[in-house]
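To keep things clear, I will list the structure first and then write my remarks on it.
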Amino acid sequence: MTSPASSGIGRFGPYGGRYVPEALIAALDELAAAYEKARGDEDFQREFRRLLTEYAGRPSLLYDARRLSAELGARILLKREDLNHTGAHKINNVLGQVLLAHRMGKRRVIAETGAGQHGVATATAAALFGLECVVYMGAVDTERQALNVARMRLLGAQVVPVHTGSKTLKDALNEAFRDWVATVDTTHYVIGTVAGPHPFPEMVRDFAAPIGVEARAQCLDLLGRLPDAVIACVGGGSNALGIFTAFVPDTSVRLYGFEAGGEGLDSGRHAATLTGGSPGVLLGAHSYVLQDEDGQTRESHTISAGLDYPGVGPEHAYLHDTGRAVYRPITDAGAMAAFELLCRTEGIIPAIESAHAIAGAREVAGELGPDAVLLVCLSGRGDKDVATAAKWFGLLDESGPIT
Amino acid sequence: MTGLASGAVVDSARASGRAALIGYLPAGFPTFDGGVALLTAMVEAGVDVVEVGLPYSDPVIDGPTIQAAADVALRSGTKTADVLRTVEAVAKGGAAVVVMTYWNPVLRYGVDAFARDLAAAGGAGLITPDLIPDEAGEWIAASDAHGLERIFLVAPSSSDARIETTVGACRGWVYAASTMGVTGTREQTSSVAPALVGRVRAATPLPVCVGLGVSSGEQAAEVASYADGVAVGSAFVRCVLDATDETDALRAIARLTSDLAAGVRRTSA
Ligand SMILES: Cc1ncc(COP(=O)(O)O)c(C=O)c1O
């Protein structure tokens with residue numbers, strides 16, 4: 001059921017492309033041209049690197065997690081994206097896109113957000129560049145990630161709760177898309193992951209790629225060799241491609257992406273697009289989709305707002321089909337057990353998204369054994385998830401949530 | 001086999017000195033039978049070409065009105081097969097019927113299989129709002145094989161070069177989206193539409209129809225003064241959403257259709 005590439009624009013094997021209304025093509029062409037220019041522009045690259053270093057706090061640490069390693073039975077190196085300004089890997093991509101939008105003369109940026117991390121990062125960069133910012137967020141998510149809603153508003157962004165459909169990330173994406181179709185002259189749409197029509201998947205991957213470039217060098221420094229495996233959680237797939245990309249040519253290094261398995265693949269209530277979905281078109285690209293036999297999108301389910309999306313970036317579909325990367329689901333329960341383990345062994349409260357990667361590391365450690373070195377992308381910190389986790393672990397008073 | 005070509009219907013309206021009226025409703029809205037009855041009422045009251053919408057879970061270029069209709073249709077259990085059955089029922093009455101659909105349901109059905117079954121149901125072709133010719137290799141082959149019309153969209157933001165390639169890929173007619181933005185009725189018709197239609201005409205002899213926003217006979221007349229067809233969607237959906245019951249909805253659809261049909265005949269004014 002793959003659709004052959006017609007134009008070949010922005011394709012990863014049969015995946016990617018541009019399945020969008022004609023009204024957006026001029027803007028996508030303009031963006032692709034501006035990005036192509038910025039890519040080779042020493043000025044742009046220097047400014048991007050300066051922002052990453054002086055503002056976001058890169059390079060992020062590579063942390064040798066000894067107590068976690070002892071628990072999991074392999075050496076675990078954590079790439080600490082949680083220590084970036086705004087608390088997740090999302091800031092890398094956002095600084096790149098907002099810098100580009102600013103150079104293109106756009107006065108307004110919009111974004112969708114699930115967990116709120118991408119929205120917070122976009123609101124932050126918009127404040128830094130003095131741009132107007134509107135963030136679309138599903139009404140379910142504005143509730144479960146209330147802390148991030150307040151952060152965005154403090155930063156001067158307008159947060160629009162989206163009440164259509166499942167009221168989660170997918171609906172926020174649709175709404176941001178609708179905004180963009182009408183405002184494309186003045187507005188840049190800062191997509192939060194490696195999805196969407198060309199050039200977004202490629203551009204977002206490149207802006208996230210410093211994660212892997214740094215981590216590869218840090219591994220060589222620390223170990224004198226490459227890790228045996230690189231592990232990340234996969235929602236749309238930006239932190240995963242961010243850390244994978246530098247290692248893709250290193251064929252000795254195994255790549256693992258862990259999707260949100262929700263209540264389990266068999267339950268039908270999950271967000272595991274690659275392991276539980278099939279090829280299709282969603283949000284402007286051909287990739288894997290959770291869909292029914294008629295091609296209607298199925299709702300995704302997971303405790304993790306940032307992974308709660310029935311699609312995935314097209315490059316992951318390609319890495320999946322070619323076998324270069326391996327994708328597996330992690331259930332809510334598996335992720336929350338890993339969440340607790342990281343808190344207790346290392347004193348690090350991870351984002352629930354990132355806890356899926358820790359749970360994945362447990363599986364991979366079991367398979368590769370104690371001599372293996374596993375590089376794990378700790379994509380974000382868990383402040384935003386404290387209420388959800390407290391509820392999961394039953395830490396709340398009868399009288400109501402502790403806030 | 002393939003039904004009455006919608007391009008031929010638009011052409012013959014043009015030959016008689018007026019614009020064609022193109023009416024949209026999703027299949028299965030509010031129910032399968034109800035939807036067929038509404039579409040049939042539209043044809044009886046003067047719609048020249050029927051656009052049957054395939055209700056889709058993620059209608060990213062539709063505003064709240066059509067989203068609401070798609071929701072109703074999907075919740076009432078509408079399947080792709082029901083859309084084809086709707087086409088068959090409406091085409092049997094002698095109308096030219098095209099399907100307006102997002103791409104994924106067609107991809108899932110199988111592009112060639114969908115083309116084959118649409119032709120067999122008496123459908124004339126497809127309007128594809130999120131499929132540009134650049135990505136349409138499979139559809140171009142399938143529509144050629146099954147003798148179907150391909151109606152691609154052009155937009156105010158389209159460059160002349162893109163208009164050129166897009167109209168080159170069209171068969172039947174060309175759909176000019178008159179405003180930048182999602183579907184929905186608008187107080188004022190677009191000021192950029194006449195220029196867009198002019199640019200399309202310079203590139204093709206095919207008829208050019210304009211959609212997005214028209215809700216009254218007066219607006220229809222204005223659009224008909226420069227376009228070959230006037231496409232109306234949200235205003236029809238609104239009639240049904242606002243109706244107290246099915247009879248009321250049928251009456252409202254007939255009333256709006258008559259108003260619009262008079263509008264497209266008022267071109268010389
Ligand atoms: C901390 C964190 N990790 C991961 C993700 C998932 O996104 P992606 O797969 O694009 O990295 C999110 C999304 O909100 C997030 O906040």
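Key figures
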| item | result |
| --- | --- |
| Global form of segment A:249-311, assessed from the alpha-carbon gyration tensor, a/c cut-off 1.5 | oblate |
| Between segment A:283-356 and segment A:131-152, the alpha-carbon center distance in angstrom | 21 Å |
| 10 Å Cβ neighbours from other chains, averaged over peptide B:49-58 | 4 |
| Chain A, relative contact order [Cα under 8 Å, separation at least 6], % | 20 percent |
| For chain B: rounded, prolate or oblate by the Cα gyration tensor [a/c cutoff 1.5] | rounded |
| CD proxy at 222 nm, helix term only [per DSSP H run n ≥ 4: -39500 (n - 2.57); per residue of chain A; nearest 500] | -12500 deg cm²/dmol |
| Value of Rg to Rh for the protein assembly as shown (Rh from inverse mean 1/r over Cα pairs, i.e. Kirkwood) | 1.01 |
| Packing-based ranking, highest mean first, of B:79-89, A:346-356, B:251-261 given that Cβ atoms within 10 Å are counted | A:346-356, B:79-89, B:251-261 |
| 10 Å Cβ neighbours from other chains, averaged over peptide A:177-183 | 5 |
| Spacing of the two label points (7 Å from each Cα toward its C-beta) at A:Ala70 and A:Arg344, in nm | 1.4 nm |
| Packing-based ranking, highest mean first, of A:98-107, B:207-216, A:269-278 given that Cβ atoms within 10 Å are counted | B:207-216, A:269-278, A:98-107 |
| Highest to lowest packing among B:91-98, B:229-236, scored as the average C-beta count within 10 Å | B:229-236, B:91-98 |
| Spin-label proximity, A:Glu42 to segment A:82-99 - amide N less than 18 Å from point 7 Å beyond Cα toward beta carbon | none |
| Square roots of five times the Cα gyration tensor eigenvalues for chain A, Å | 29, 24, 22 |
| B:Ala8 versus A:Ala127: modelled label distance in nm, points set 7 Å from Cα along the beta carbon direction | 6.5 nm |
| A:Arg11 long-range amide H proximity, modeled H, under 5 Å | A:Gly17 |
| Charge dipole of chain B about the Cα centre (unit charges at C-beta), most positive-ward option of B:Val197, B:Val237, B:Ile61 | B:Val197 |
| Cβ-based net charge around B:Ile132, under 10 Å, with every Lys or Arg adding one and every Asp or Glu removing one | -2 |
| When each of A:Lys37/A:Lys79; A:Lys79/A:Lys106; A:Lys79/A:Lys391; A:Lys170/A:Lys384; A:Lys37/A:Lys170 is checked by Cα-Cα distance, pairs over 24 Å | A:Lys37/A:Lys79; A:Lys79/A:Lys106; A:Lys79/A:Lys391; A:Lys37/A:Lys170 |
| Rounded if a/c under 1.5, otherwise prolate or oblate - segment B:80-122, Cα gyration tensor axes | prolate |
| Student exercise, the protein assembly as shown dipole from Lys, Arg, Asp, Glu Cβ charges, in Debye to nearest 20 | 940 debye |
| Segment A:4-123 - Debye-derived log10 I(q)/I(0), Cα point model, q = 0.20 Å⁻¹ | -1.18 |
| In sequence order, calculated HN-Hα J values of segment A:242-255 (Karplus, 6.51, -1.76, 1.60; Hz; x Gly/Pro) | x, 8, 6, 3, 5, 9, 4, x, 7, 5, 6, 8, 7, 10 |
| B:Thr31/A:Thr186 FRET efficiency (R0 45 Å; Cβ-Cβ; nearest 0.05) | 0.60 |
| Cβ charges +1 (Lys, Arg) and -1 (Asp, Glu), total dipole of segment B:113-225, debye | 180 debye |
| Built amide H within the under 5 Å cut-off of B:Phe29, gap 5+ | B:Gly35 |
| Point-to-point label distance, A:Asp250-A:Glu363, nm (Cα→Cβ direction, 7 Å offset) | 2.2 nm |
| Efficiency of FRET between A:Asp292 and B:Thr165 - r from beta-carbon atoms, R0 51 angstrom, step 0.05 | 0.90 |
| Per-residue mean of C-beta atoms belonging to partner chains within 10 Å, peptide B:97-107 | 4 |
| Listed residue (A:Val194, A:Leu283, A:Gly13) projecting farthest to the positive dipole end of chain A, Cβ model | A:Val194 |
| Extended-chain gain in nm, criterion 0.36 nm per residue less alpha-carbon gap, B:Ala15 and B:Val192 | 61.2 nm |
| Segment B:73-155: mean projected area of Cα convex hull, nm² | 5.7 nm² |
| Environment charge at A:Glu346 (Cβ cut-off 10 Å; Lys +1, Arg +1, Asp -1, Glu -1) | +2 |
| Potential lengthening between B:Ser225 and B:Asp144 on full extension [0.36 nm per residue; Cα-Cα distance subtracted] | 25.9 nm |
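Rule-based calculations on the coordinates, nothing more; no lab input. None of these values were measured; they are calculated from a predicted model. Please note: Cβ atoms are built from the backbone with ideal geometry, for glycine as well, and neighbour counts cover all protein chains shown.
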